[in-house]
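Trainee: Sharing a structure here in structure tokens format.
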Amino acid sequence: MAMTETFYDVIRRQGISRRSFTKFCSLTAASLGLGPAFGPRIAEAMETKPRIPVLWLHGLECTCCSESFIRSAHPLVKDVVLSMISLDYDDTLMAAAGTQAEAIFDEIRQTYRGRYIVAVEGNPPLDEDGMFCIIGGRPFVERLREVAADSMAVISWGSCASWGCVQAAKPNPTHAVPVHEVVSGKPIIKVPGCPPIAEVMTGVITYLLTFDRLPELDRQGRPKMFYSQRIHDKCYRRPHFDAGQFVEAWDDEQARKGYCLYKMGCKGPTTYNACSTVRWNDGVSFPIQSGHGCIGCSEEGFWDQGSFYDRLTTISPFGVEANADQIGGTAAGVIGAGIAVHAALSAVKRARDKAVTPPPADPKPHP
């Protein structure tokens, strides 16, 4: 792949029109939470910057991140994202296998040393010298350390790479660990979720290509543009939460009315992700909209936090553990007490005024 070939060169070769290209840039700016003025800037980056070589590795995982990635709608992976980057190695998606695949892997490492990105799906096990995950005849942990050492940055796709996920659940017999515990000295972008939202994954890649830098990360290493708000903050069921209107049992009358799923174990109040805004399946829905509470899959250790249906016990804002009638009754009681106090004070004031004011003088009698 020539270093001078750009994303725009590739899509023009595929027959995509200039009009479609500029529309894509505008939609991408919107999906990243940027203003309309950034559309032209994204277009300029796509036209002038060479595609970024990417080596996509797989450790212990179920391939759900790849399955999510290839279903991105904004932008479309098959037409756009795979043209934005040069996905030179992915043992799940690539046509090559065996010796040919390993030759491509080594060639990219040597040719683009310090200029490629390592995308990691899954995690490495450390017990038995890493022998619980063998790739190309070698422990995955060795392969990961070597290829990351020559990279410009590492992306940890999903909760497996970011936190360890199910493989690291207690008692963790293989001693599986997240990527950042075996890779050091390189920028690491964590994109957690089981799997992450497709548009979140493609958005991170678009940002890297457009601005030549990592997106702003939170203290846990997650892109703030997608992980700065709790699902609870933008959930369409939030008004029911604030009003104390909850589903008490699956498929009860409250469930049919779309009440809050907090009492059914929803972890939305403690989970940071873009599910309630970006949503899934081309923006059609997300788990809470489908009637199931959030399980907090983008948070560290979610698999060891008890049942997904256990209610959170540390959340106590207005409305929790009360119903709308109780809240309304409390409010009415406060208002009634206020009225009573006001009436009593008014009566005291009238009595005081009467006591200190002399009676009016008798009028002079008429002769």
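Trainee: Name the one entry in D129, D106 that is more than 30 Å from the chain's Cα centre (by Cα) and more than 29 Å from Q220 (Cα to Cα). Lay out the reasoning, then the answer.
Mentor: On the way: D129 fails: more than 29 Å from Q220 (Cα to Cα).
Answer to the selection: D106.
Trainee: Among the residues that make up the range 205-214, is at least one of them farther than 23 Å from W280 by Cα, assigned to a loop (DSSP other than H, G, I, E, B) and charged (D, E, K, R)?
Mentor: yes
Trainee: Moving to a separate point now. Hey, among the residues in the range 234-275 that are closer than 25 Å to M201 by Cβ and out of contact with any strand residue (DSSP E or B) (no Cβ under 9 Å at 6 or more places or on another chain), which one's surrounded by the fewest Cβ atoms within 10 Å (Cβ to Cβ)?
Mentor: Out of the qualifying residues, it is Y236.
Trainee: Would you mind finding the one in P36, P53, P40 that is at pLDDT 80 or above and over 22 Å from Y116 (Cβ atoms)?
Mentor: P40
Trainee: Please verify whether R213 is basic (K, R) and in contact with a helix residue (DSSP H, G or I) (Cβ under 9 Å, 6 or more places away or on another chain), treating the condition exactly as stated.
Mentor: When the stated conditions are applied, R213 passes them.
Trainee: Quick one: which residue in P178, P173, P196, P223 is more than 10 Å from the chain's Cα centre (by Cα), surrounded by 16 or more Cβ atoms within 10 Å (Cβ to Cβ), in the same structural domain as D129 (by TED's automatic domain parsing) and in contact (Cβ under 8 Å) with a residue 24 or more places away in the chain?
Mentor: Among P178, P173, P196, P223, only P178 is more than 10 Å from the chain's Cα centre (by Cα), surrounded by 16 or more Cβ atoms within 10 Å (Cβ to Cβ), in the same structural domain as D129 (by TED's automatic domain parsing) and in contact (Cβ under 8 Å) with a residue 24 or more places away in the chain.
Trainee: With respect to C275, determine if the residue is in contact (Cβ under 8 Å) with a residue 60 or more places away in the chain, not assigned by TED's automatic domain parsing to the domain that holds W163 and not in a helix (DSSP H, G or I).
Mentor: Details: in contact (Cβ under 8 Å) with a residue 60 or more places away in the chain: yes; not assigned by TED's automatic domain parsing to the domain that holds W163: yes; not in a helix (DSSP H, G or I): yes.
So C275 fits the description; yes.
Trainee: Has the range 11-18 got any residue that is surrounded by 13 or more Cβ atoms within 10 Å (Cβ to Cβ), among the hydrophobic types (A, V, I, L, M, F, W, C) and modelled with pLDDT under 75?
Mentor: So far as the range 11-18 goes, yes, one or more of its residues are surrounded by 13 or more Cβ atoms within 10 Å (Cβ to Cβ), among the hydrophobic types (A, V, I, L, M, F, W, C) and modelled with pLDDT under 75.
Trainee: Being under 16 Å from I205 (Cβ atoms), within 26 Å of the chain's Cα centre (by Cα) and not in a helix (DSSP H, G or I) is the filter here, so list the residues in the range 37-50 that pass it.
Mentor: Selection gives nothing.
Trainee: Oh, and also: Take the residues in the range 132-161 that are among the aliphatic types (A, V, I, L, M) and not in a helix (DSSP H, G or I); name whichever of them is nearest to the chain's Cα centre (by Cα).
Mentor: If we filter the range 132-161 for residues that are among the aliphatic types (A, V, I, L, M), which is where we start, we get 134-135, 141, 144, 147-149, 152-155, 161.
Okay, now just the ones that are also not in a helix (DSSP H, G or I), so 134-135, 152-155.
On the way: I134: 30, I135: 30, M152: 24, A153: 20, V154: 18, I155: 15 Å.
Only one residue fits best here, namely I155.
Trainee: Checking Q254 against (1) out of contact with any Leu (no Cβ under 8 Å at 6 or more places or on another chain); (2) in a helix (DSSP H, G or I); (3) touching a residue at least 40 places away in the same chain (Cβ under 8 Å), only one condition comes out false. Which one?
Mentor: With (1) out of contact with any Leu (no Cβ under 8 Å at 6 or more places or on another chain); (2) in a helix (DSSP H, G or I); (3) touching a residue at least 40 places away in the same chain (Cβ under 8 Å) applied to Q254, the lone miss is (3).
The values are calculated or read from the model by the stated rules, or taken from the named source; none is laboratory data. In this text, all values refer to a predicted model and were calculated from it rather than measured experimentally. When we count neighbours, we look across all protein chains shown, and the Cβ atoms used for this are built from the backbone with ideal geometry, even at glycine.
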